[in-house]
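Since the structure comes first, as structure tokens, the remarks are kept for the end.
The values are calculated or read from the model by the stated rules, or taken from the named source; none is laboratory data. These figures come from a predicted structure and were not determined experimentally. So basically every Cβ, Gly included, is an ideal-geometry build from the backbone, and we count neighbours across all protein chains shown. Side chains are part of the model used for accessible areas, which takes the heavy atoms of the whole protein and leaves out ligands, DNA and RNA. Shrake-Rupley method; radii C 1.70, N 1.55, O 1.52, S 1.80 Å.
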Amino acid sequence: MSSVNQMSPSDSANPPVDGYDRFLPDEYTRRLGKINESNRVIASSDIVNASGALVVAKGTEISANVAEKILKHRLNASLEEQISLTRSMSGDDLHQEFKLFLELNEDYQKLHSNFGNDQLLHDLCRYYANYPLLVQKMTVFAAEMRTEFPRALFCAWLAQLLAVRLELPELERPQIFLAALFQDIGLLHLPSNVLHAAGNPALTKMYSSHPLISATFLKMVPYVPETIASLARIHHEDFEGTGFPYEVAVQKLPVASQILVACNLLYEYMHGTDNPSFMLGQLRPVFRVFSSIYHRGVFSELFTFASVCTQSLPDIASDADRYKALVSSLLFKHPFLARWFKEVQVITVKLWEVTKGKNIGSLMNIAQSIRITVSSTGVLSEGMARWVSHVEETLPPEAAEEMQDILMLQWILEGLLSRYLVCLESLLTQADPGLQRLHPEITKTVDEMTTLREHLCPEAEDDEDALNLESLFSDS
């Protein structure tokens, strides 16, 4: 491992990241003042400002009042390097957190039993404990970010499972483990309300900076391989190039990067607030499609994992009303999705003819994903529609699982189509002369797609009448 030299406030080669300056105390300072109420935080050295004046003497307890005092100064070193916690999350403590996390989910227990190695997980936790600054930050993160800490555990655990299954070099395995564990550590430096940034452009921009803050912190930790920071930096990218902070298509990056993005994607599917929450076994058709579109190895392994967990899926065939509702929803959505797909085909060809792909890379990537999804699954074929109509008439129990898979495929496709619509709308703000000539057609297509989306997601007058994916899949 190579050493990472300490930075000073005068280092012009490392400018602040999107308003984050690690020598300028921020929300992390306030969090330390709060933590001090239950876990004493002590200045391990004199805390001096950038002008050389003493701010806090060594041995001082970092209370809330002292934290506010520190916030008034730019320091000559990062605050993390100048404090210590009375109690810290050791490697054994972290391993215990993993065990408790896995015990909460039957599917995770199955995966860990079939594919995991508890000794390896324990060794990785001890590897983490070699870095005091990482230990400090994770101790605070676990206490302050209770909703995000499970994501860190999930992604780190799943990333090391995939790294082993895909036979990544042994040197890379602890690196991807730490990158997944610390990918969101930058959130500690931002106000808590950034976790609820939807609809607020200023908060959204602030939230989007946290991967860069995480990477900046990881780069400053002595002897931590730079690969860890590089991996953490891209965990919110996606496979079409519409993520952040770089809008890079992840399939162009190394396998380790794709593993990290896939882990976060899976966490959103299972625990996110923007989608229905799925059980792992329900996601088999998702992984089957994604293995055709993206990195075959990563998603083939996830398909294998999901296949182990099908025994815990709800038996929808035993509830005739719910089974009927599921099949009816498939038939209802089919023509709207088919029309939406046709709109994508037509406008994509026109955009390509005008731009030859210039300035529309993300949109073309999404169009490619849509095309492969449709062609590889037959989800919009007339044969599929006829089969579903037949199932609606007789509701054969043996077809229930297939109907659930088709519903998942429709959900995948609808999500891709919605992302295409967002990208298409964004083209209306571009100054490209070719795109401007297409503005009338783009506007017309956006309006038609928006209408189709509204048909697919009608507002129910009564919540009890709302037909949604989660209610069809739930075990209640």
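Counting only heavy atoms of the protein chains, get the accessible area per residue of the chain (1.4 Å probe) and round it to a whole Å² value.
45 Å²
Give me the percent of Cα-Cα pairs in the chain that sit more than 29 Å apart, rounded to a whole number.
Everything past 29 Å amounts to 56 percent.
Expressed in whole Å with the largest first, what are the equivalent ellipsoid semi-axes of region 90-153 derived from the C-alpha gyration tensor as the square root of 5 times each eigenvalue? Walk me through the numbers on the way to the answer.
Working: eigenvalues 90, 48, 10 Å².
Whole-Å semi-axes of the equivalent ellipsoid: 21, 15, 7.
Based on Cα coordinates alone, diagonalise the gyration tensor for region 177-331, multiply each eigenvalue by 5, take square roots, and list the semi-axes in whole Å, largest first.
Values for region 177-331, descending: 33, 20, 14 Å.
Give the ranking of 223, 28 by solvent-accessible surface, highest area first, calculated with a 1.4 Å probe.
The ranking, largest first, comes out as 223, 28.
Given a 1.4 Å probe and every protein chain left where it sits, what share in percent of the accessible area of region 364-420 is carbon and sulfur?
Accessible surface attributable to carbon and sulfur in region 364-420 totals 53 percent.
7 Å from Cα along Cα→Cβ at both residue 130 and residue 164: what's the point-to-point distance in nm?
Calculated label separation equals 1.9 nm.
Toward the positive end of the charge dipole of region 281-326, about the Cα centre and with charges on Cβ (Lys, Arg +1; Asp, Glu -1), which of 290, 310, 323 goes farthest?
Farthest along the dipole direction, towards plus: 290.
Residues with amide H under 5 Å of residue 55's amide H, sequence separation 5 or more or different chain, H placed in the peptide plane at 1.01 Å from N; which?
47, 48, 49
Mind listing P(r) for region 321-465? All alpha-carbon pairs, 10 Å bins, whole percents.
Final binned percentages: 10, 38, 29, 16, 7, 1.
For a quick check of understanding: with a 1.4 angstrom probe and all protein chains in place, what accessible area in square angstrom does residue 66 have, to the nearest ten?
Ignoring ligands and nucleic acids, residue 66 comes out at about 30 Å².
Using only C-alpha atoms and all pairs of different ones, pull out the Kirkwood radius for region 70-124 in Å with one decimal.
For region 70-124, inverting the mean 1/r across all distinct Cα pairs yields 14.3 Å.
Heavy atoms of the protein only, probe of 1.4 Å, neighbouring chains included. What is the accessible area of residue 184 in Å², nearest 10?
My reading of the accessible area for residue 184 is about 10 Å².
Ignoring everything but the protein chains, give the 1.4 Å probe accessible area of residue 189 in square angstrom, nearest 10.
The accessible area comes out at roughly 20 Å².
Would you work out the charge dipole size for region 216-327 about its Cα centre, treating the Cβ of every Lys and Arg as +1 and the Cβ of every Asp and Glu as -1, and quote it to the nearest 20 debye?
Dipole size: approximately 240 debye.
Given the C-alpha centroids of region 50-108 and region 157-230, what is the distance between them in whole angstrom?
One Cα centre to the other: 17 Å.
Which of the residue pairs 69/137; 58/205; 252/333; 34/137; 219/252; 110/137 have a Cα-Cα distance greater than 26 Å in the structure shown? Could the numbers behind the result be given before it?
Values: 69/137 21 Å; 58/205 37 Å; 252/333 33 Å; 34/137 14 Å; 219/252 23 Å; 110/137 31 Å.
Correct reply: 58/205; 252/333; 110/137.
Considering only protein heavy atoms and a 1.4 Å probe, what is the carbon-and-sulfur percentage of the accessible area of region 65-159?
Details: 1910 of 4040 Å².
Exposed carbon and sulfur together represent 47 percent of the surface.
Sequence gap at least 6, Cα distance under 8 Å: using those rules, report the relative contact order of the chain to the nearest whole percent.
Reported as a whole number, the value is 12 percent.
In debye to the nearest 20, how big a dipole does the chain give about its Cα centre with +1 on each Lys and Arg Cβ and -1 on each Asp and Glu Cβ?
Once rounded to the nearest 20, the dipole reads 1700 debye.
Which value, in Å³ per residue, describes the convex hull spanned by the Cα atoms of region 41-177? Don't skip to the end; give the middle numbers.
Numbers: hull volume 16.7 nm³, N = 137.
Hull volume normalised by residue count: 122 Å³.
How big is the antiparallel share of DSSP beta bridges in the chain, given as a percent to the nearest 5?
Here the share of antiparallel DSSP bridges comes out near 90 percent.
Which whole-Hz couplings ³J(HN,Hα) result when phi for each residue of region 210-219 is put into the Karplus expression 6.51 cos²θ - 1.76 cosθ + 1.60, θ = phi - 60°, listed in order with x for Gly and Pro?
Karplus-based 3J(HN,Hα) across region 210-219 equals 5, x, 5, 5, 4, 5, 4, 4, 4, 5 Hz.
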